[in-house]
Every structure is written in structure tokens, then in C-alpha cells.
Amino acid sequence: MPFSILTFCGSLRAASSNLALLSAAERLAPDGLVLNRYDRIGDLPHFVPDLDITDHLPEIVIDLREQVARADGLLFAVPEYMHALPGSFKNTLDWMVGCQKFPGKPVALAHVTSRHAFAPVQLGEILRTMSAEIVSEAGFSLGLTSNAITPEMICTDASLAAIVTRHLDRYQTWLSRERG
């Protein structure tokens, strides 16, 4: 039975380098690992605790939580804006807090650039607070200095494709050990 990884791009930009990274990861995923992207971050309402009760929960939030609950793991590719996480992505995390299946959920973090110093630390702290299982051996950075990339550039560059493939293989191995 293949493992299902739900991916999240933390950027809403149409030509996002993080979106390119996730698109490449979908193409490079090993057999037995299926990556599906959650692409409704920009549609989520602002998190309001008063709505976070069963009979008032927006349908889109119910769908988000159901997709998170069904996934074997999550993969986040998130940029840093002004030394912080993008607001829309943080909003998504706020809505995930109420997901009963989130605690212990395996999460891997992917980065396009290694220049971000603040957002990765913030994201790690938030995920630990949410009781995620951060799979550090599956996390990676492409170490690029440009945001002008496409999925094709990653897939056709042997060294970049190898980074993505190696870490997806590690994620799959980790999930196999845990399921075993």
C-alpha cells in the first residue's frame, strides 16, 4: 500500500520556487510514495477561534482537516517573508491545530534556499507546539540562491534531482519503519 504525503506550498505566488520544488518532488517521488498537494491555502478564512467549533466549522476547514487526517505524512515547502512565515501559511497551521489526527503526524520540511534564518526556526517551534513528528532525515534544502526556478530545472539537474529523491526515499523508509 503506497504512502500518501500531503504537500503544502507556503507561498501564494503563481511562479513560486516552493511550488516548483513540490511539483518536482511529485515527479521524482519513488514508487510507493504518492504526493498530493493541498492547494486551497489562499481560500481558507482567517482563523477565528469562535468558528473552531464543530457546528460552525467552515466546510473548507473540515476538508483540510480530513485531508491531513488521511495523509500518512506532510511535506511543507515554505518561504520566509520579512523574517517570518507567510501569514496565509500560518493561518493554515492555525486551522490544523483542531485536527484530532495532527498530533504525531510525520512532517518533513523542504527549502529552496538556505538563506532563510528565521522562518525555518519558527516553523519548527510551531510544529513542536502542535505535537508534530518532525522527520529531520527527510527534510532538505536545495541551497539555491535564486527564486527563478521551475520544476523542469530541478528534475533535469542531476544534483538537485538527487537531493529531492534521496530525501523522499528517506521519508518513505522512515514511514515504512513506523508502519512496520
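The values are calculated or read from the model by the stated rules, or taken from the named source; none is laboratory data. Quick caveat: nothing in here was measured; it's all calculated off a predicted structure. Note that we place each Cβ from the backbone using ideal geometry, even for glycine, and neighbour counts take in every protein chain shown. Ligands, DNA and RNA are excluded from the accessible area calculation, which covers all protein heavy atoms including side chains. Shrake-Rupley method; radii C 1.70, N 1.55, O 1.52, S 1.80 Å.
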Is it the case that some residue within the range 74-83 is under 22 Å from E178 (Cα atoms), open to solvent by 30 Å² or more (accessible area, probe 1.4 Å), at pLDDT 95 or above and in contact with a strand residue (DSSP E or B) (Cβ under 9 Å, 6 or more places away or on another chain)?
no
Selection count where residues are surrounded by fewer than 19 Cβ atoms within 10 Å (Cβ to Cβ) and either touching a residue at least 60 places away in the same chain (Cβ under 8 Å) or touching a Phe, Trp or Tyr at 6+ places or on another chain (Cβ under 7 Å) (or both), scope the range 132-143:
1
Quick check: anything in the range 106-119 of a type in the set (S, T, N, Q) and part of a helix (DSSP H, G or I)?
no
Filter pass, F102 being in contact (Cβ under 8 Å) with a residue 24 or more places away in the chain, among the hydrophobic types (A, V, I, L, M, F, W, C) and in a loop (DSSP other than H, G, I, E, B)
yes
What are the residues in the range 151-172 that are open to solvent by 40 Å² or more (accessible area, probe 1.4 Å), within 18 Å of the chain's Cα centre (by Cα) and among the polar types (S, T, N, Q), if any?
T165
Output the residues belonging to the range 96-139 that are modelled with pLDDT of 95 or more, closer than 25 Å to V48 by Cα, in contact with a Gly (Cβ under 9 Å, 6 or more places away or on another chain) and of a type in the set (A, V, I, L, M, F, W, C).
V107, L123, A132
Taking the range 19-41 and the residues there that are open to solvent by 50 Å² or more (accessible area, probe 1.4 Å) and over 15 Å from the mean Cα position of the chain (by Cα), the one that is farthest from D94 (Cα to Cα) would be D31
Could you go through the range 143-153 and let me know if any residue there is on the phi < 0 side of the Ramachandran plot, polar (S, T, N, Q), assigned to a helix (DSSP H, G or I) and out of contact with any Gly (no Cβ under 9 Å at 6 or more places or on another chain).
no
Residue check, L123 against (1) farther than 18 Å from A25 by Cβ; (2) free of Cβ contacts under 8 Å to residues at least 60 places away in the same chain; (3) open to solvent by less than 10 Å² (accessible area, probe 1.4 Å), all met but one. Which one?
(1)
